[in-house]
Amino acid sequence: MAGNKGLLAMDESIPTANKRFKEAGIPQTIEYRRKYRELIVTTPGLGECISGAILFDETIKQTTTDGTPFLEVMSRIGIIPGIKLDDGAKDMAAFPGEKITEGLDGLRERLVGYAEAGIKFAKWRAVIIITDELPTDGNIYANAYALARYATLCQEAGLVPIIEPEVLMDGDHTIERCFEVTERVLHIVFEVLISQRVYLEGMILKPNMVLPGLKSPVQVDADKVAYETIKCLLRCVPAAVPGIAFLSGGQSDIAATEHLNAMHVKYKGKLPWALTFSFARAIQQPAMDYWKGKDANVAIAQQLLCHRASMNNAARRGEYKKEMENNQ
Ligand code: 13P
């Protein structure tokens, strides 16, 4: 959360990485996933904008083409390594249409190995689906308990837990409905985190921004997103939490930057927590689309990656302007 930096989520599971590679015309193999992650961690200047990167288990053990472990490359450029610990969101029995995140079995033992490997923080994502009827409280509580149990195990092992309750953007709901659901989810999450003795000063919250659904006919400007998001967070997130790092959740890369910027322009110096980004798609997408798996495209793909990271840096200072998009 320090300075104006943020986090890069590069922890796509094998199915998610393969899905995105397929869309971008990249072969879906372990070697191409390794090459892609090498492209990211060897991007010149990335450490000036990114303070930590969330990795997938497969990446931790991999090396660059010249045999240097990724973790060593990251430590040289000052990017702290984190790990995605959940096993993904599965259909929740007895709760049709809702998801519960799995991965608690054996977590204490896995954490010992990650701590020994030098991993300093972790991520667990809960997925909350919006419809007119969903989410149910039963689903929110089940996900909140999993987040809390993961978080205390991380803290026991000396890793900082990122707690990610993501209210999805899929659907045609209004921003008001997103507010209502996000508020309910965050209230329950913090009620449970407190009851389960999560050390609030030693966690990072990774929430969605408050936004209309992707298919909503009523879209809103960045000022409105900033206002609703901050209003919701102020109602729900204790001041003891040091930092909030947003997911991008399917917003366009530029929209995600504009929204973060608007929050800093409006509320700079007035919030109890630091506010930054922990984007995956909104930082990586232009680079992945350009790369296409070809060595000849690596250098420009890296420039695109660094550009998005630095635009989000500017947004964290409240100094982002759309004209800056042309200076790459
Ligand atoms: P997006 O920014 O693409 O939503 O991903 C963030 C993330 O880490 C999801 O778990």
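Rule-based calculations on the coordinates, nothing more; no lab input. The structure displayed is predicted, hence computed values, not measured ones. Heads up, the Cβs are rebuilt from the backbone with ideal geometry, glycines too, and the neighbour counts pull from every protein chain shown.
With both labels modelled 7 Å from their Cα along Cα-to-Cβ, the GLU133 to ARG235 distance reads 2.4 nm. Per-residue ellipticity at 222 nm for the chain, helices alone: DSSP H runs ≥ 4 residues times -39500 (n - 2.57), over residue total, nearest 500 deg cm²/dmol? It lands at -14500 deg cm²/dmol.
If the segment from ALA296 to ASP66 were pulled out straight at 0.36 nm per residue, it would be longer than the present Cα-Cα gap by 81.0 nm. Out of region 68-153, which trypsin sites (Lys or Arg not before Pro) are coil in DSSP terms and have no more than 16 other C-beta atoms within 10 Å? Listed in order of number, the matching sites are LYS120. Restricting the trypsin sites (Lys or Arg not before Pro) of region 198-247 to loop positions (DSSP other than H, G, I, E, B) with no more than 16 neighbouring Cβ atoms within 10 Å leaves LYS215.
Only lysines eight or more places from LYS294 in sequence, or on another chain, were considered; those with a Cα closer than 25 Å are LYS19, LYS22, LYS35, LYS61. Given their separation in residues at 0.36 nm each and the Cα-Cα distance between them, LYS270 and THR174 gain 31.8 nm when the chain is fully extended. By the rule of a C-alpha distance below 29 Å, with chain neighbours fewer than 8 residues away ignored, the lysines paired with LYS322 are LYS5, LYS206, LYS215, LYS224, LYS231, LYS266, LYS268, LYS270, LYS292.
Using C-alpha pairs under 8 Å with a sequence gap of at least 6, the mean separation divided by the residue count of the chain gives a relative contact order of 18 percent. So if R0 is 45 Å, what FRET efficiency would LYS321 and LYS90 give, r being the distance between their Cβ atoms, rounded to the nearest 0.05? Computed FRET efficiency for LYS321 and LYS90: 0.60.
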